[in-house]
1. Where residues in region 27-44 are assigned to a helix (DSSP H, G or I) and touching a strand residue (DSSP E or B) at 6+ places or on another chain (Cβ under 9 Å), which of them is surrounded by the fewest Cβ atoms within 10 Å (Cβ to Cβ)?
2. Among the candidates 93, 99, single out the residue that is crowded, with 19+ Cβ neighbours inside 10 Å, at pLDDT 85 or above and at positive phi.
3. Can you find a residue that is modelled with pLDDT under 80 and within 24 Å of residue 149 (Cβ to Cβ) anywhere in region 43-61?
4. Out of the residues in region 117-143 meeting the condition of being part of a loop (DSSP other than H, G, I, E, B) and either without any contact (Cβ under 8 Å) to a residue 60 or more places away in the chain or within 14 Å of the chain's Cα centre (by Cα) (or both), tell me which one is nearest to residue 12 (Cα to Cα).
5. Identify all residues within region 91-116 that are touching a residue at least 60 places away in the same chain (Cβ under 8 Å), part of a strand (DSSP E or B) and farther than 18 Å from residue 155 by Cα; write none if there are none.
């Protein structure tokens, strides 16, 4: 119950299971408190998400966006590899989580030896403004109104961080170029 103004969530997978259900409830609770909640998921990664799962969120005020939800040409997707694979959560423009965050029970340790491993980094400080701007750019085509949040944290801690984005058009190798520079 910490979010006061805005939640921006982008992920590949949300399942209707013991991980997805509490997430759904937290998002519903936030929307009912008056928090702007924008959720973007991948249409392939969440293809099996039940309609009532989504409806319960949208009825509470959560704005739910599915990336590439439908087949395009003769029942086939024209670009199998164009996915929303970003995993980003931004709270009030002040705190962000970035990494491999999928919301499903098969990512939990108690799933057994077949459990998938995801990692994420929580960030605060000036880099959150970059993460927030990136999410706003991603969501811009589906938003009714632009975000009114202005990230204000200008105090940097002892660590340095920068957001490096990759896409399949203009920034195909930016991440690779960046990490190879540190060797």
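1. 28
2. Only one candidate passes the filter, namely 93.
3. no
4. Going through the qualifying residues, I end up with 118.
5. Passing the criteria: 98, 103.
The values are calculated or read from the model by the stated rules, or taken from the named source; none is laboratory data. All of these numbers come straight from a predicted model, not from anything done at the bench. Ideal geometry is used to build each Cβ from the backbone, glycine not excepted, and the neighbour counts take in all protein chains shown.
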